[in-house]
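This report refers to the structure that appears directly beneath it.
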Amino acid sequence: MATLRRRLWNPYALVFISSGCTMVIELVASRLIAPRVGVSLYTWTSVIGVILAGISLGNYIGGRLADRYASPTLLGAVYTLAAYACLLPLWLGEGLHAFRLPFETPLLLWIVIYISLLFLLPSIILGCVSPIVVKLSLTDLSHAGTTVGKIYAWSSGGSIFGTFLTGFFLISRFGTKATVVGVSVLLILLGGWFLATGPWRKALVRLGFAALLYVAAVLSLSRAGLLATECMLETDYSCINVYEKDQDGRSVRELLLDRLVHSYTDLDDPTYLAYGYEKTYAGLLQPLMSDRTGLDAFFIGGGGYTFPRYLQARLPDSHIVVTEIDPGVTRAAERWLGLPQDTAIETYNEDARRHLVTRGAEGSYDVVFGDAFNDYSVPYHLTTLEFARLVDYVLRDDGIYMANIIDAGPQGHFMRAFVSTLQAVFAHVTVIPSTAGWRDSLRTTWVVAGSQREIDLAHMPEGYLALAPETLEGYLAEKPHVMLTDDYVPVDNLMVPVAEASFGSGALDPETWAGVRGRVLGVGAGVLALVTLGGAGHALHRRRRDRAPADDSSAGAAL
């Protein structure tokens, strides 16, 4: 067995695998947390920062452990602990989702804490691998530089491979939870391989104990329903769910993308519009529809295809183009929301701005609809001055650009910046809030319309009134605002107030806290048991090493 182990010992493969697993966890982290905190510059910054902090701390801890206890048993214990820790986000994630953010806690601090609780421990433990592998590989100090250089080159290669594999294949093919479990299984197999050292009876005890704990952890996750996918369809962009619901006295289907309800669809009536901003779109569009049999319309974002189908039903001769970056959303609309596969609506699964740059012709559209923003995730490149000019370029002289945005009424940082940016391009800009009490609302949906011609507001739905020019001018003047450009577009900063409002306040309720506490205690007990197991193995290995002849000091020989 020892001979076989020496033959199969490959330090480069080990660090390649461990670094690849780290990057898989890092990329999966952004998808796992999206239903709670969305996807933004802040979440990505926090994920990357937490993972790097964990790797750095793990490198330090691993180096200290390697100097004192370097052995295959230690490496096996680290891999086993890493396998267990990779299940931590699945085990605690649901409970931590129930935390409510106190108002006095800054949102950015909470995001960092939330991500740290889920992903810091796995990255620390995986960070311990490389120093231990380096220590076990240094049998000839005259070539130490070459050996260490190769190990870290292979480690970087593993990170690159794990990044591309996860982003381009694993998540879309297997989903986030299955990917996490797959990483964990790979690590537990590596851990078992290195724990099976020494006398077979002791190795069997170590393997049995580690396997028992691991199986117990996986079974606990399974029985709690934490391994089951929460998505009817999971893509690289979002977790997609469709639910049956009663709305306005009719049966509709609700499209949920991550945490945001995106649309309501009546399969029997494509002209049904549930959201106020959709009704506002219809009101703004009415003057263009009154004397035409069709329109040339471009949609930024497809979602449930509610308004494209509405326009098609009202004006069947319309030429409708939809850019929906997520092919999964289009598939969901076809499968569950009544979008015919042979529809006349043209869909391009690509970025809207890229489409307009490569395919847009001057004066080719009567109307452009923007429906790609929410309160957590705003595609910043669709908010800038340069993009507004591009939209104006593809619009006809009497064309109109409509976009719905979400912002907090009192602060309104993003709304002010977005409106000011459009005013630099369009001669007429109109703002319609979704509620009359928008000044006091912490979360308001706005429709912003821009055109080179005066906008006809005679057909606004009841209860939806555009801000008077003097009201809008006064609101914009209340606080300083920036011009959004490709070079400077701090959308995530501007959206902090509305994101904080969406979190709400209040402590964790007792019942939920009891569940979280139980999971924390369970994880702690498992980690303690594995640490104890690893410590016992280190002690046994050290005693054997101390009894060995003095000239048999090669680290590689221990393998």
Fill in: Subset tally (residues that are more than 25 Å from the chain's Cα centre (by Cα) and hydroxyl-bearing (Ser, Thr, Tyr)) for the stretch 215-250
1
Worksheet item: Within the stretch 447-472, how many residues turn out to be surrounded by fewer than 11 Cβ atoms within 10 Å (Cβ to Cβ) and of a type outside the set (Gly, Ala, Ser)?
Response: 3
Item to complete: Return the only residue of Val112, Val134 being of a type in the set (A, V, I, L, M), more than 32 Å from the chain's Cα centre (by Cα) and either at pLDDT 95 or above or assigned to a helix (DSSP H, G or I) (or both).
Response: Val134
Worksheet item: Going through the stretch 216-259 one residue at a time, which ones are part of a strand (DSSP E or B) and either surrounded by fewer than 18 Cβ atoms within 10 Å (Cβ to Cβ) or touching a Lys or Arg at 6+ places or on another chain (Cβ under 6 Å) (or both)?
Response: Val242, Tyr243, Glu244, Lys245, Asp246, Gln247, Arg250, Ser251, Val252, Glu254
Response to the item:
Within the stretch 275-317, the residues that are in a loop (DSSP other than H, G, I, E, B) and hydroxyl-bearing (Ser, Thr, Tyr) are Tyr275, Ser290, Thr293, Tyr305
Worksheet, complete the sentence: Restricting attention to the stretch 473-489, the residues that are surrounded by 13 or more Cβ atoms within 10 Å (Cβ to Cβ) and under 11 Å from Gln423 (Cβ atoms) number exactly 3
Worksheet item: Given the conditions (1) surrounded by fewer than 21 Cβ atoms within 10 Å (Cβ to Cβ); (2) under 25 Å from Ile455 (Cβ atoms); (3) of a type in the set (Phe, Trp, Tyr), and given that Trp336 satisfies all but one, which numbered condition is not satisfied?
Response: (2)
Worksheet entry | Selected residue (only one of Ile320, Ile325, Ile400 is closer than 25 Å to Tyr237 by Cα and part of a strand (DSSP E or B)) | Ile320
Discussion item. Going by what's in this entry, would Gly93 be described as among the small types (Gly, Ala, Ser), in the same structural domain as Cys21 (by TED's automatic domain parsing) and modelled with pLDDT under 90?
Written reply: yes
Response to the item:
Checked the stretch 283-324 for anything among the β-branched types (Val, Ile, Thr) and either at pLDDT below 95 or over 30 Å from Arg173 (Cα atoms) (or both); matches are Thr293, Ile320
Worksheet item: Name the pairs: first residue in the stretch 178-199 and touching a residue at least 40 places away in the same chain (Cβ under 8 Å), second residue of a type in the set (S, T, N, Q), Cβ to Cβ under 6 Å, at least 6 apart or on different chains?
Response: Gly191/Thr80; Thr197/Thr73
Response to the item:
If we keep only residues of the stretch 293-319 that are under 30 Å from the mean Cα position of the chain (by Cα) and β-branched (Val, Ile, Thr), then the residue surrounded by the fewest Cβ atoms within 10 Å (Cβ to Cβ) is Ile300
Practice prompt. Among what's in the stretch 431-446 and is of a type in the set (A, V, I, L, M) and surrounded by fewer than 18 Cβ atoms within 10 Å (Cβ to Cβ), pick the residue that is nearest to His413 (Cα to Cα).
Written response: Leu442
Practice prompt. State which residue is surrounded by the fewest Cβ atoms within 10 Å (Cβ to Cβ) when the search covers only the stretch 262-292 and only residues that are in contact with a helix residue (DSSP H, G or I) (Cβ under 9 Å, 6 or more places away or on another chain) and of a type in the set (Val, Ile, Thr).
Written response: Thr271
Worksheet item: Using beta carbons and a limit of 7 Å, which pairs, at least six apart or on different chains, have the first residue in the stretch 59-71 and over 17 Å from Gly191 (Cβ atoms) and assigned by TED's automatic domain parsing to the domain that holds Trp9 and the second one among the polar types (S, T, N, Q) and buried (at least 17 other Cβ atoms within 10 Å of the Cβ)?
Response: Asn59/Ser130
Worksheet entry | Among the residues listed as Leu219, Leu285, Leu227, the single one being farther than 26 Å from Val498 by Cα, among the aliphatic types (A, V, I, L, M) and free of Cβ contacts under 8 Å to residues at least 24 places away in the same chain | Leu219
Worksheet item: In the list Phe168, Phe161, which residue meets the criterion of being in a helix (DSSP H, G or I) and touching a helix residue (DSSP H, G or I) at 6+ places or on another chain (Cβ under 9 Å)?
Response: Phe161
Fill in: Only one of Ser137, Ser156, Ser142 that is more than 19 Å from Ile51 (Cα to Cα) and either in contact with a helix residue (DSSP H, G or I) (Cβ under 9 Å, 6 or more places away or on another chain) or charged (D, E, K, R) (or both)
Ser137
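The values are calculated or read from the model by the stated rules, or taken from the named source; none is laboratory data. For clarity, every value in this text was computed on a predicted model and none was experimentally measured. FYI the Cβ positions are ideal-geometry reconstructions off the backbone, even for glycines, and counts take in every protein chain you see.
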